[in-house]
Amino acid sequence: MNPSTMYLHTSEAARKLGVSTKALRLYEERGLITPRRTSAGYRIYDESIMVRAAEVVALRALGLSLAQVTRVLEGEPRDLEFALVLHEAKLGDEIHHLVCTKDKVHDLRAQLAQGKVPAEGEIARLLKPSTGLSVAFELPWPWGGEWFELRDIQSLNFIVGSLGSGKTRFAQRLAKELPDALFVGLDRVDEGRSASSVRLHADKAFQLRVNQALAWLVEEGGTESENLIALLAGLEAEGPTALVVDMVEQGLDRGTQEALIALLRQRARMGARPLFLMTRSSSILDLAAMGPNESIVFCPPNHSPPVQVAPYPGAPGYEAVAMCLASPEVRERTAGMVAWLPEASRLSRAT
């Protein structure tokens, strides 16, 4: 190795690229980057590898799967063309928003010139505009009708809680109160699968959307299954302005869960409709990977009202959320289980 060359360790490279170390390991596994090794076996990144890694990160940000990234880097432009079309449309929306904001600033300056003070909250909305979607309602049983409000709803929202915390009832009520929202329940994994199959054969445009998403997930390392197709049928439904999904990981293995959340995060960055995902999987909700357009709603086990939890250690509720999450393998072993105590233990506690 050239002693004059700057080398970065994995954590330093990840920080500079704005991704996780886990992402860099995944890129290496797929052959997209090849870090050098020290004599002790540690990975290090020089300038050429960082340039390559930055290209991978940029292509991923455009919504390409790992297989599509590989094809683009090998000289196949077809996947990149489609991604750039979508990115151009997104930039157009952002330009429109900036023009509107600029006009608002001009109006406020004109008001100030006339001696008029902006209305309360107007400056705050100018600097941090609302997402435009909020909801408020009385909490259902097992709560006592407390008032719940969720303002400036993000693109990707996770609903977390232990068994018996009421998160399913909360999610159902949320879907009812959100305008034109759809609740994608667990019936999708049994009778819902046949309904999805019928619709897929009847609606070719719908079938195309599901097949495109399925192909992306398989290229990303997911496994095709009836459960996945049924879930995609709910996610690709046209019409609803928001989707609330019950236990999104149901019936999906680790690789499929990781591919799925990668796809949903890509879509969220592109401005897709809000999603509320009920989950207890650490692959779906990787707390270290959360972005600025994501949020967590936690349902406490003691039936206190649900609360929003910030995704960083030390934040109120963070440790409780982390305790609810488990790996896909553990979730599969404990699916449907309810905590219980042996009869003798319950009797002794009762006395």
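Things to note:
- Here the dipole of the range 130-193 is about 140 debye; that uses its Cα centre as origin and unit charges on the Cβ of Lys and Arg (positive) and Asp and Glu (negative).
- Based on protein heavy atoms only, the range 189-276 ends up with 41 Å² per residue of surface accessible to a 1.4 Å probe.
- Rounded if a/c under 1.5, otherwise prolate or oblate - the range 4-114, Cα gyration tensor axes: oblate
- The range 200-234 versus the range 242-308: alpha-carbon centroid distance in Å: 19 Å
- Linear extension gain, Asp187 paired with Ala89, 0.36 nm per residue minus alpha-carbon span: 31.7 nm
- Length gained on full extension, Ala237 to Gln207, computed as 0.36 nm times the residue gap minus the Cα-Cα distance: 9.8 nm.
- Put Tyr27, Tyr42, Tyr7, Tyr312 in order of accessible area, highest first, and with a 1.4 Å probe you get Tyr42, Tyr312, Tyr7, Tyr27.
- Among Gly31, Gly239, Gly41: highest mean-square fluctuation, GNM of the chain, C-alpha pairs under 10 Å: Gly41
- Cα-projected label distance for Asp152 with Lys16, points at 7 Å along beta-carbon direction, nm: 3.3 nm
- Bridging of Lys167 to lysines at a Cα separation below 23 Å is possible for Lys176, once same-chain residues fewer than 8 apart are set aside.
- Selection from Ile44, Leu235, Cys299 lying farthest towards where the dipole of the chain points positive, charges on Cβ: Ile44
- Long-range amide H partners of Val184 with built H, under 5 Å: Val244, Val245, Asp246
- Three-way shape label, the chain, alpha-carbon gyration tensor, a/c 1.5: rounded
- Split the accessible area of the chain by element, probe 1.4 Å, and carbon with sulfur accounts for 56%.
- Rounded, prolate or oblate (a/c below 1.5 giving rounded, otherwise prolate when a/b exceeds b/c) for the range 59-184 by Cα gyration tensor: oblate
- With the simple model of a label 7 Å out from the Cα in the direction of the Cβ, Ala110 to Glu81 spans 4.5 nm.
- Karplus (6.51, -1.76, 1.60) ³J(HN,Hα), θ = phi - 60°, over the range 46-56, in Hz, Gly and Pro reported as x: 9, 4, 5, 5, 5, 4, 5, 5, 4, 5, 4
- Long-range amide H partners of Ile296 with built H, under 5 Å: Phe158, Val309
- Exposure of Leu178 as accessible area (Å², to 10), given a probe of 1.4 Å and all protein chains: 10 Å²
- Packing order of peptides 203-209, 114-120, 157-163, highest average first: 157-163, 203-209, 114-120 (average count of other Cβ atoms within 10 Å over each peptide's residues).
- Top of Ala237, Ala113, Ala202 by mean-square fluctuation, Gaussian network on the chain, Cα under 10 Å: Ala113
- Projected label distance in nm at Ser225 and Gln308, using a 7 Å step from Cα toward the beta-carbon: 3.4 nm
- Cβ-derived FRET efficiency at R0 35 Å, Arg25 paired with Leu163, nearest 0.05: 0.60
- Computed from point charges on the beta carbon alone (+1 for Lys and Arg, -1 for Asp and Glu), the dipole magnitude for the range 175-301 about its Cα centre is near 280 Debye.
- Taken about its Cα centre, the chain carries a charge dipole of roughly 620 debye when the Cβ of each Lys and Arg holds +1 and the Cβ of each Asp and Glu holds -1.
The values are calculated or read from the model by the stated rules, or taken from the named source; none is laboratory data. If you're wondering where the values come from, they're calculated on a predicted model, not measured in any experiment. Cβ sites come from the backbone with ideal geometry, for glycine too, and all protein chains shown count toward neighbours. Calculation scope for accessible area: heavy atoms of the full protein, side chains included, ligands and nucleic acids excluded. Shrake-Rupley method; radii C 1.70, N 1.55, O 1.52, S 1.80 Å.
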